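The values are calculated or read from the model by the stated rules, or taken from the named source; none is laboratory data. Quick caveat, the model's predicted, so the values are computed rather than measured. Reconstructed Cβ throughout: ideal geometry from the backbone, glycine too, with neighbour counts over all protein chains shown. Just the protein is used for accessible areas: all its heavy atoms, side chains included, with ligands, DNA and RNA removed. Shrake-Rupley method; radii C 1.70, N 1.55, O 1.52, S 1.80 Å.
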Amino acid sequence: MDFDAPLRQGTLIRRYKRFLADIELPDGQVITIHCPNSGSMRGCSEPGSLVCFSRSDNPGRKYPHTLEMVHNGKTWIGVNTSRTNQIVAEAIEKGQIIELRSFDAMRKEVKTSEGSRLDLLLETVGAQTYVEIKNCSLVEKGVALFPDAVTKRGTKHLKELERLVASGFNGVIFFLVQRLDCDCFSPASAIDPEYGATLVEVHRKGVEILAYQAEITPHSIEVTTPLPVKLDG
């Protein structure tokens with residue numbers, strides 16, 4: 001995924017109220033920008049970090065700028081979770097996700113039951129594969145971890161995938177790891193024990209787990225390398 005326009009850089013002063021961040025520009029000006037990430041952003045929201053942000057031409061937005069990525073001194077980290085589905089869908093369409101290359105049609109934001117939607121449905125003759133996508137920005141000791149905060153909604157998605165698999169469909173939970181300083185993926189059971197246990201359980205019942213890294217630059221975000229998945233139990 002290429003950015004439509006060049007990103008601007010600044011220095012993170014603080015991230016607050018979940019969806020706001022104050023940024024100092026190179027000329028010393030301070031602006032407030034939108035931070036589209038409902039997680040804790042643990043490990044990637046340190047004051048003083050270099051950041052990149054985009055600007056929207058939508059005149060109706062109160063905060064026209066959007067936080068896109070944060071640099072932790074080693075690597076860029078993609079934090080704009082509103083882009084995650086687009087990045088993964090483009091990678092699937094390009095054939096970059098080995099496990100998801102065989103499909104005839106792709107549908108997005110598919111209603112699967114009352115009150116439940118999943119991100120993608122890949123259809124082919126005789127098979128349907130439901131894919132739920134999660135953005136992973138937390139890394140500790142070289143391990144990519146999800147979630148970075150308790151997520152009841154995420155657990156609900158896992159159980160919906162389990163239900164669909166039991167009904168004869170294929171189900172995939174896809175973790176997009178938007179940073180390069182890790183070599184495997186695991187559930188963050190210390191942060192959300194219920195999510196970690198549910199991930200192990202639904203995998204045992206046939207839900208496939210995929211984790212892929214993305215290379216983040218101020219110009220583009222590209223899905224690159226599959227990561228080994230290590231489960232607790």
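Structure notes:
- Among the numbered conditions (1) within 27 Å of ASP119 (Cα to Cα); (2) among the charged types (D, E, K, R); (3) open to solvent by less than 60 Å² (accessible area, probe 1.4 Å), the only one that ARG15 does not meet is (1).
- Residue in the range 161-180 that is open to solvent by 40 Å² or more (accessible area, probe 1.4 Å), within 21 Å of VAL88 (Cα to Cα) and within 18 Å of the chain's Cα centre (by Cα) present: yes
- Yes/no for HIS34 being under 19 Å from the mean Cα position of the chain (by Cα) and either among the charged types (D, E, K, R) or surrounded by fewer than 20 Cβ atoms within 10 Å (Cβ to Cβ) (or both): no
- Considering the range 96-114, and only residues there that are within 22 Å of GLU160 (Cβ to Cβ) and open to solvent by 60 Å² or more (accessible area, probe 1.4 Å), the residue that is modelled with the lowest pLDDT turns out to be GLU114.
- Pairs where the first residue, in the range 23-36, is under 13 Å from VAL51 (Cβ atoms) and of a type in the set (Asp, Glu) and the second is modelled with pLDDT of 95 or more and open to solvent by less than 20 Å² (accessible area, probe 1.4 Å), C-beta under 7 Å, 6+ apart: GLU24/GLY10
- All positions within the range 38-86 that are touching a residue at least 60 places away in the same chain (Cβ under 8 Å), crowded, with 19+ Cβ neighbours inside 10 Å and farther than 20 Å from GLU222 by Cβ: GLY39, MET41
- Per this entry, LEU231 is not counted among residues that are more than 28 Å from SER54 (Cα to Cα), within 17 Å of the chain's Cα centre (by Cα) and of a type outside the set (S, T, N, Q).
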